[in-house]
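**Student:** Questions regarding the structure given below will be posed in turn.
The values are calculated or read from the model by the stated rules, or taken from the named source; none is laboratory data. Every value quoted in this text rests on a predicted model; they were computed, and no experiment measured them. Note: ideal-geometry Cβ built from the backbone for every residue, glycine included; neighbour counts use all protein chains shown.
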């Protein structure tokens, strides 16, 4: 059974937003350091996007469930007026990042820094520009709905 988090747990949309922004800065550091660090970068990007969805839900509903499935979180966000609309490429980023949400190792082959799948299996490759676009869209929407949050 999943836990429902609320402000009573000491969480605020601002805390979730700021943590997501730090995670995305770490993603950029990992990707610049070594293309072989794509998997941990993808895990952190997944976490950052999930935190932004949860910040939105905490702001809108006053609570969220401890879930990590990005598509389900996005579905919950979409139930609210003024929810961010994602483009097709941003939805693609959500789908691809979903594979990295468990924190468990994926395949052993390397992926290039910009999402080029080295072994040719393009189904799971991450296009980092799409991830960045997704983060900017969500962070901008969350920022505009939360008091005392600076734009990312």
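**Student:** Pairs please, first residue from region 54-76 and in contact (Cβ under 8 Å) with a residue 24 or more places away in the chain, second anywhere and in a loop (DSSP other than H, G, I, E, B) and surrounded by 15 or more Cβ atoms within 10 Å (Cβ to Cβ), Cβ atoms under 6 Å, 6+ apart in sequence or on different chains.
**Tutor:** 59/146; 68/101
**Student:** May I pose another question? Condition first: over 18 Å from residue 101 (Cα atoms), in contact with a strand residue (DSSP E or B) (Cβ under 6 Å, 6 or more places away or on another chain) and surrounded by 16 or more Cβ atoms within 10 Å (Cβ to Cβ). Now tell me which residues in region 1-41 satisfy that.
**Tutor:** Listed by number, the residues that qualify are 5, 11.
**Student:** Oh, and also: Search region 44-68 for residues being part of a helix (DSSP H, G or I) and more than 9 Å from the chain's Cα centre (by Cα), and hand back the single one that is surrounded by the fewest Cβ atoms within 10 Å (Cβ to Cβ).
**Tutor:** The residue in question is 61.
**Student:** Might you let me know whether region 12-24 holds any residue that is modelled with pLDDT of 90 or more and assigned to a loop (DSSP other than H, G, I, E, B)?
**Tutor:** yes
**Student:** Go through the residues of region 22-39 one by one and say whether even a single one is in contact with a helix residue (DSSP H, G or I) (Cβ under 9 Å, 6 or more places away or on another chain), touching a residue at least 12 places away in the same chain (Cβ under 8 Å) and farther than 15 Å from residue 126 by Cα.
**Tutor:** Yes, the conditions are met somewhere in region 22-39.
**Student:** Further, regarding this structure: In region 81-94, which residue that is surrounded by 14 or more Cβ atoms within 10 Å (Cβ to Cβ) and not in a helix (DSSP H, G or I) is farthest from the chain's Cα centre (by Cα)?
**Tutor:** 83
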